[in-house]
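Asker: After the structure tokens below, expect a handful of questions from me.
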Amino acid sequence: MEPNAPQFKLILGSSSTARRKILADMGYQFTTMADAIISKFRNTENLEKDSNPTLLVAADTAEAIIPRVSIGESEGDAEPTLLITCDQVVVYEGMVREKPSSEAEARQFMKDYANGHAATVSSVLVTNLVTGCRRGEWDKVEIYFHDIPDQVIDKLIEEGIVLYAAGGLIIEHPLVLPYIKEVVGSTDSVMGLPKALTERLIKEVL
């Protein structure tokens, strides 16, 4: 018997492979719908307030997906359907970092992290599409690094994955793991979907 066998339908509003893996690891069965939201909030002033910009992007994503979801003929007959939407940014010295625009920028990002630290800010929004109940929250994780040798950075850039990660940050990569000094928070949050937070929000909207 699956520990989290739900009495509801679950939709992950993201195309992220990491988020799909985390949600599956939590024991849930779900479908995936994604909508590209290009309105990124680059201002970091509100990253630690209720109007956290990553939460606003998660809400925008939900609004884009909701019209495409069929939840039954009437609210009374409909099986609960929950939509999970997310957003994440990497923050370094108060500045939001997107995916590196070039190999040179990826290299600079990683050199900056060496013997320093960065943070991920991840938001999760869960919407009950039958009742309209919606709960969202964000989670911040600090990542501290040892010195990252140039040859390791070279290999990462040659491999290319860092070019597709926000801030060029992929702490779960085997080449990067030896140079992680400390992670203050959960690894699943760094990968885009904090498990404990997601679990709690699901319960709150049911």
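Asker: Where does the Debye-calculated log10 I(q)/I(0) of the stretch 106-191 sit at q = 0.12, 0.15, 0.17, 0.27 Å⁻¹, using only Cα point scatterers of equal weight, no solvent?
Answerer: -0.42, -0.58, -0.69, -1.42
Asker: Out of the GluC sites (Glu not before Pro) in the stretch 78-162, which ones are loop residues according to DSSP with at most 12 other C-beta atoms within 10 Å?
Answerer: Those satisfying the criteria are Glu93.
Asker: What ³J(HN,Hα) values, in whole Hz, does the Karplus curve 6.51 cos²θ - 1.76 cosθ + 1.60 give for the stretch 168-185 when θ = phi - 60°, with x put for Gly and Pro?
Answerer: Couplings: x, 10, 9, 6, 7, 5, x, 6, 8, 3, x, 9, 8, 7, 7, 10, 9, x Hz.
Asker: Further question: Please go through the residue pairs Lys99/Lys195; Lys9/Lys155; Lys181/Lys203; Lys9/Lys140; Lys21/Lys99 and name each one whose alpha carbons sit more than 30 Å apart in this structure.
Answerer: Lys9/Lys155; Lys181/Lys203
Asker: Given H placed 1.01 Å from N in the peptide plane, which residues other than close sequence neighbours of Lys9 have an amide H under 5 Å from its amide H?
Answerer: Close amide H contacts, sequence-distant or interchain: Thr81, Leu82.
Asker: Let me ask something else. Just how much of Glu63 is accessible, in Å², when a 1.4 Å probe is used and the result is rounded to the nearest 10?
Answerer: Estimated to the nearest 10 Å², Glu63 gives 100 Å².
Asker: For Glu204 and Gln7, compute 0.36 nm times the residue count separating them, minus their Cα-Cα distance, and round to one decimal in nm.
Answerer: 69.5 nm
Asker: For the pair His117/Ser15, report the inter-label distance in nm, with labels modelled 7 Å from Cα in the Cβ direction.
Answerer: Using points 7 Å along Cα→Cβ, the separation is 3.4 nm.
Asker: How would Leu83, Leu129 rank on accessible area, largest to smallest, probe 1.4 Å?
Answerer: Largest accessible area first, the list is Leu129, Leu83.
The values are calculated or read from the model by the stated rules, or taken from the named source; none is laboratory data. These numbers come from a predicted model, not from an experiment. Glycine gets a Cβ as well: all are built from the backbone with ideal geometry, and neighbour counts include every protein chain shown. Calculation scope for accessible area: heavy atoms of the full protein, side chains included, ligands and nucleic acids excluded. Shrake-Rupley method; radii C 1.70, N 1.55, O 1.52, S 1.80 Å.
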